[in-house]
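The values are calculated or read from the model by the stated rules, or taken from the named source; none is laboratory data. Everything quoted here is computed from the prediction, not taken from an experiment. In this analysis, Cβ positions are derived from the backbone assuming ideal geometry, glycine residues included, and neighbour counts consider all displayed protein chains.
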Amino acid sequence: MTTYVAAGPLVNYFFYKAIGVSNPPGPNIPLDSGKIYFYADEDHSMPLDSWSDVSDPENPVVNPWPLVLGGQGDCGVIYLEDRIYFIQIFSKDDILQWTINHFNPGGDTGGSTNDALNYIPNGQFLLHNDLAATDDFEAGEIRQPVTDIAYGGWTFNRPSASTAKDIVTFDRYDEYIASPSGNPRYSVHVNCIEADSADGYKSVSVKFPNVNRFASLTQQYTVGFSAIDNIDSNTTVELYVRKNFGTGGDAEVSTLIQTFTLDANIQAFNTVFVYGTNEGKVIGTNDDDYVALDFRLKTDETVDVNLVDFLQESGNIVNPVYPETTQRFDVKESLGGGFPIPAYDGSDLYLPVRLTTNGWEFDTSDIGKIYASSYQQVEIGELFADGSQYLTSGVSSDGIPYSRLQAKLMNLSAGEILPRYGTGTNFVVALYTNTQSAPQNSLRITNNSMGIVTDFGDGSTPTGFTFNNVSDGSVNCNSWGLIYGASSSPSNTFYIRGKNLGSLNDVGISPGSSGFTVNAIRAGRPDTETVNFKTLFSVATIPASTLAGKEFEFNSNSTAYYVWYKVDGAGTNPGGPGTGILVELLSTWNAAEVSCATASAISGFKISNVITTAGSTIPAGSFWNLNTSSTEYYVWYEVDGSGTDPAPFGKMPIKVSILSADTDVEVSTKTLMAINSMYFATPDLRGMFLRGWDNGAGIDTDSALRWSYYAQLLLGDDVGSNQFDEILNHYHNLDQDTFVSGSFLSTPPGGVSLNFSAPTVLATGGSESRPLNTYVNYVIKY
């Protein structure tokens, strides 16, 4: 049997037109012949009856639907079911006046009940941030343009150039008081001690993700709060709706809704408005758009106010009352409700969460960190630090995109667009020539593995770029060429290190006709004794312009080689001893570029030079071929959003999006970025000891000589660079009374002076310097 309730707030009630839609404007204009629609609150669409007489419960008198008001906006007694309603009230010409959510027929609050939904989280600041005092700031003193002051999206906002002294604290109510009526535990206390009249704004703000959150031309919302002016200066608070359309979206828009005047008594304020639509606005694609309520304070005077009981409810609420909620609900809505939405691409998978001053967020701080593991296999979210190559656009078997590690390893400082540990053995590295890190239209592209590779060149739809072969990778001299130098500025000197154990042969190393400076660092002994280390020597180069037909010579532990040069295509093979390695230079290359190219050629890598043109000359869909020892690629261009992938058979694509207005340097930079971003490698820490980054401390006296296997710019005093083993210079003393291999020094036992041959200090140890150690697996978090 239906239970009927006389709708308290609607009994013998007179309805008036809403402010802003009345004609003439103003309050207390009767809503003559208005219409009331009753709906189920669950879905806002299922019509529900109302009754004018329920004296006979078996035969109640049903009102028309909608219920039509009298000529003075009047209605008699209205009976409703004992349930929650959604109500809309229109004028006779169907203009929406009010919307009432969660209407309780037995309530007495004019439409706002304690179970009404408050869209503002943490409106009583149960959860807030106390700004700690420092040497420069008082407790609570604002020191940033946007300061997170409470959970649920609450911030204090002011211009970055503000010189005002604003103190934001949270006052605690230690005993019961009748007002504010919501029985809060805390209110926000804003005290501007020193104003800055140049400030364009100063506000306590609450932000809602999604700029379309409340967008509508008809849906009304009531916003309210309680406040007091502590210095009785009748200050004002202005309510603004601020719409931010996100990164790449339209410009931010702020709209004044209402101005409230505070006094020395705490009082409740409220207003009703519609947010309006965002039709025609461009919203950015990063999902960082939002709509905010700004409660702006005066910027040209001392301000001392307390604010609390913030609410936003659906509908035009006559006398809104802060809804009663449990502490658990407040915490859930303001903190738990602020939990981030996981990224749709899986890039948040398996990440821990951490509490910040703005609420919960996924913790990415461990990504890229290296750990020692006692397991032989990796756990979820770990990769072996073994130099393996990964496709940036790929996804692991755990569903984690590799791009989240690549983003941490990508080194963008000083123009170095390159993963910190390179792009992997089976790919290439692209760098600007000469200046290395300063953009230009000339790229040096080096293959990362030994062997002959097909020359780079334009495809069937040509780009018009210039392609020069620097080294063909045809000679494997069993040596590494290793560039070294200060970070992001390779010097003109590189190492040649043997790949195999053993000393140099008889010739060793010679500058030949090159004009280089060469130095044998570990040459071994000139006898037949087995040498358990890899030979090492250095070469200091000169600029390319004078090197045509010149050469220098070096030997591995078994074979003689000479490196000779062509410059701008000119130069004759000088015919040095052993096997020749040709390096083709451009006359504009400086000594550092000669060093880099020579080192890569000695390593057996193919080196190519690509000179780009301006975007206006590049046809959409044009491409050029880039080859490695294992895979053929093509680099193709989308111009101004146009162009079809040429998809040559059997090749993998590298897409570059450019503008026709791009300069040749901008085209070069975008090409370099696309190539170097396709793959990344983990560090190869197998068998390695790790050393703390010197970072200018001066403990590592050889930091300028550090080098890298992976990235030709990751040099010197930088994280990820390498260093050869070394033993501190020292002396070996021989006991005067001890014979050593048939030789001795000074006087033997008995005091008889003998003249034996000079003693020999024997070599001890093996092929490396090391402390006592235990194997672990180094893994990198991704």
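Quickly run through segment 322-349 and pick out the residues that are in contact with a Leu (Cβ under 8 Å, 6 or more places away or on another chain), surrounded by 13 or more Cβ atoms within 10 Å (Cβ to Cβ) and part of a helix (DSSP H, G or I). Can you show your working first?
So in segment 322-349, the residues in contact with a Leu (Cβ under 8 Å, 6 or more places away or on another chain) come out as 322-323, 327, 330-331, 334-335, 342.
Checking which are surrounded by 13 or more Cβ atoms within 10 Å (Cβ to Cβ) leaves us with 322-323, 330-331, 334-335.
D330, V331, S334, listed by residue number.
Per-residue answers, yes or no, for (1) under 21 Å from V667 (Cβ atoms); (2) crowded, with 22+ Cβ neighbours inside 10 Å:
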| site | (1), (2) |
| --- | --- |
| P401 | no, no |
| P419 | no, yes |
| R444 | yes, yes |
| M450 | no, no |
| S460 | yes, no |
| S471 | no, yes |
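The rows are residues; the columns are (1) closer than 20 Å to G549 by Cβ; (2) modelled with pLDDT of 95 or more; (3) acidic (D, E).
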| position | (1), (2), (3) |
| --- | --- |
| P577 | yes, no, no |
| I581 | yes, yes, no |
| N590 | yes, no, no |
| S600 | no, no, no |
| S616 | no, yes, no |
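Determine, yes or no, whether E584 is crowded, with 20+ Cβ neighbours inside 10 Å, in contact with a Lys or Arg (Cβ under 7 Å, 6 or more places away or on another chain), in the same structural domain as K499 (by TED's automatic domain parsing) and not in a loop (DSSP other than H, G, I, E, B). Answer is yes for this residue. For segment 563-578, state whether one or more residues are among the basic types (K, R) and assigned to a loop (DSSP other than H, G, I, E, B). Checked segment 563-578: no residue is among the basic types (K, R) and assigned to a loop (DSSP other than H, G, I, E, B). Within segment 165-184, residues that are under 19 Å from F269 (Cβ atoms) sit with their Cβ atoms under 6 Å from residues that are modelled with pLDDT of 95 or more and among the hydroxyl-bearing types (S, T, Y), at 6+ positions apart or across chains, in these pairs: D171/S187; P180/S226.
R143 meets each of the listed conditions (1) assigned to a strand (DSSP E or B); (2) surrounded by fewer than 19 Cβ atoms within 10 Å (Cβ to Cβ) apart from (1). Taken together, the residues in segment 610-649 that are over 17 Å from T461 (Cβ atoms) and among the small types (G, A, S) amount to 4.
In the set L383, L405, only one residue is crowded, with 16+ Cβ neighbours inside 10 Å and touching a Gly at 6+ places or on another chain (Cβ under 7 Å); that residue is L405. For segment 589-612, state whether one or more residues are free of Cβ contacts under 8 Å to residues at least 60 places away in the same chain and more than 25 Å from F427 (Cα to Cα). There is no residue in segment 589-612 that is free of Cβ contacts under 8 Å to residues at least 60 places away in the same chain and more than 25 Å from F427 (Cα to Cα).
Does A570 satisfy the condition of being without any contact (Cβ under 8 Å) to a residue 60 or more places away in the chain and not polar (S, T, N, Q)?
Working: without any contact (Cβ under 8 Å) to a residue 60 or more places away in the chain: yes; not polar (S, T, N, Q): yes.
Yes, satisfied.
Inspect all residues belonging to segment 212-229 and state whether any of them is among the hydroxyl-bearing types (S, T, Y) and in contact with a Lys or Arg (Cβ under 6 Å, 6 or more places away or on another chain). No, segment 212-229 contains no residue that is among the hydroxyl-bearing types (S, T, Y) and in contact with a Lys or Arg (Cβ under 6 Å, 6 or more places away or on another chain).
Tell me, please, whether a residue that is closer than 26 Å to S630 by Cβ, more than 38 Å from the chain's Cα centre (by Cα) and at pLDDT 95 or above can be found in segment 549-556. No: segment 549-556 contains no residue that is closer than 26 Å to S630 by Cβ, more than 38 Å from the chain's Cα centre (by Cα) and at pLDDT 95 or above. With the condition kept exactly as written, say whether any residue in segment 296-319 is buried (at least 21 other Cβ atoms within 10 Å of the Cβ), hydrophobic (A, V, I, L, M, F, W, C) and part of a loop (DSSP other than H, G, I, E, B). Looking for residues that are buried (at least 21 other Cβ atoms within 10 Å of the Cβ), hydrophobic (A, V, I, L, M, F, W, C) and part of a loop (DSSP other than H, G, I, E, B), one finds at least one in segment 296-319, hence yes.
Number of residues in segment 656-686 that are under 17 Å from L443 (Cβ atoms) and of a type outside the set (S, T, Y): the value is 14.
Within segment 258-287, restricting attention to residues that are farther than 17 Å from V241 by Cα and among the charged types (D, E, K, R), the residue that is farthest from the chain's Cα centre (by Cα) is D263.
Take the residues of segment 155-186 that are more than 35 Å from the chain's Cα centre (by Cα) and either charged (D, E, K, R) or assigned to a strand (DSSP E or B) (or both): which is surrounded by the most Cβ atoms within 10 Å (Cβ to Cβ)? Result: Y186.
Mind listing just one residue for me: the one in segment 187-197 that is over 17 Å from I228 (Cβ atoms) and of a type outside the set (A, V, I, L, M, F, W, C) and, of those, surrounded by the most Cβ atoms within 10 Å (Cβ to Cβ)? Top of the filtered list is D196.
Taking the criterion of being farther than 16 Å from V5 by Cα, touching a strand residue (DSSP E or B) at 6+ places or on another chain (Cβ under 7 Å) and either modelled with pLDDT of 85 or more or of a type in the set (F, W, Y) (or both), the residues of segment 40-68 that qualify are M46, P47, W65, P66, L67, V68. Applying the condition of being in a strand (DSSP E or B) and touching a Pro at 6+ places or on another chain (Cβ under 8 Å) to segment 41-61 and asking which residue is surrounded by the fewest Cβ atoms within 10 Å (Cβ to Cβ) yields D53. Of the residues making up segment 586-638, those that are of a type in the set (G, A, S) and farther than 15 Å from R444 by Cα are S603, G604, A614, G615, S616, A620, G621, S622, S629, S630.
So for segment 113-121 (the condition being at pLDDT 85 or above and touching a helix residue (DSSP H, G or I) at 6+ places or on another chain (Cβ under 6 Å)), does at least one residue qualify? Checked against the condition, which is being at pLDDT 85 or above and touching a helix residue (DSSP H, G or I) at 6+ places or on another chain (Cβ under 6 Å), segment 113-121 yields at least one hit.
Just name the residue that is farthest from Q97 (Cα to Cα) out of those in segment 299-321 that are of a type in the set (S, T, N, Q), modelled with pLDDT of 90 or more and within 38 Å of the chain's Cα centre (by Cα).
Initially, segment 299-321 is screened for residues of a type in the set (S, T, N, Q), giving 299, 302, 306, 312, 314, 316, 319.
Filter once more, keeping what is modelled with pLDDT of 90 or more: 299, 302, 306, 312.
Next cut, within 38 Å of the chain's Cα centre (by Cα) only: 299, 306, 312.
Working: T299: 35, N306: 32, Q312: 18 Å.
Per the stated criteria, the residue is T299.
From E324, E333, grab the single residue that is at pLDDT below 85, within 30 Å of D229 (Cβ to Cβ), acidic (D, E) and in contact with a Pro (Cβ under 9 Å, 6 or more places away or on another chain). Show your work before the answer.
Working: E324 fails: in contact with a Pro (Cβ under 9 Å, 6 or more places away or on another chain).
When all the criteria are applied, what remains is E333.
Here I607 does not qualify as within 29 Å of the chain's Cα centre (by Cα) and not aromatic (F, W, Y).
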